Amino acid sequence: MDRARVKDWLIGATAMLLVLALGLVLAWWAVTEPARDDRDPAPPAPGAGSPATGPPADLREDEVWLSDLTLDAGAVTAAGSTFLDVTAVGRDVVTSDERIVAARLTLEATVPFDVVAAELGEGTTVREADGGQASVVRTVEVLGRELPVVATGTVEVEDGRLVVEPLSIDVGGPSFLSGALAALVRELVTIEHELEGLPEGLVLRDVTVQDDGFRALLRGEDVELTP
């Protein structure tokens, strides 16, 4: 067998092997199915929320349903109250000519320090303190004398209100006198602020202290957004 014939034989044998291999692959593909992944699906991304279930069955022809609605505003003023850096997210929102109702509403907003300070009296300053606390600085009148006071406490939510109950009150002077005076002025440096001007049904859930004010988180159900 000469070289040319050997070469032709090798080429033919290789081609037959390739055809046979291709046939086996196609046959395997035809009689099998893709393997299923029985692992649990990946959890949804944070903030993704549950998918919309669809519009309510009783949606009228003059109403519009939105699965979600987001509002961002640098500042909002309502009923004499001012809020900064406002973010509101509504779920299952139904709108009509008469009203706008969100089945679920989450709202975050910053209450400026000066808004809260104004409730305590002229000349009062409220500011951020160490450890996530807030400080109240003001001058109060005790026994006919003016007394500078610095009170510091942790912000909490009580009965839907923003409350800062003083944990420490500094009035200067000797410790025995400072303690007695602190008891007298405690009420004058306690913050009890109710957020006004927001839609009914929103309930204050959490408050944290920032460098520009109190960051409030509110949630509610069946909240009517129409003023």
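Taken together, the values in this text are just the output of simple stated rules run on the coordinates, not laboratory data. Computed from a predicted model, the values in this text were never measured in an experiment. A quick note on method: Cβ atoms are made from the backbone with ideal geometry, for glycine too, and the neighbour counts reach across all protein chains shown.
Miscellaneous remarks
- The stretch 130-227 - charge dipole about Cα centre, Lys and Arg +1 at Cβ, Asp and Glu -1, debye rounded to 20: 480 debye
- Counting 0.36 nm for each residue step from Leu167 to Asp97 and taking away their Cα separation leaves a gain of 20.2 nm.
- Centre-to-centre separation between the Cα atoms of the stretch 149-224 and those of the stretch 86-116: 23 Å.
- Taking label points 7 Å from Cα along the Cα-to-Cβ direction, Thr125 and Asp211 give a separation of 1.6 nm.
- Local net charge near Asp62, Cβ-Cβ under 12 Å (Lys/Arg +1, Asp/Glu -1): -2
- Placing a pseudo-label 7 Å from each Cα along the Cα-to-Cβ vector at Ala118 and Asp58 gives an inter-label distance of 4.1 nm.
- The calculated FRET efficiency for Glu141 paired with Glu194, based on their beta-carbon distance and R0 = 35 Å, is about 0.85.
- Positive-end residue of Gly121, Thr110, Ser96, charge dipole of the stretch 56-137 with Cβ unit charges: Gly121
- Cβ-defined net charge surrounding Ala79, 13 Å radius [Lys, Arg +1; Asp, Glu -1]: -3
- Taking Lys and Arg as +1 and Asp and Glu as -1, the other residues whose beta-carbon sits under 15 Å from that of Thr106 total -3.
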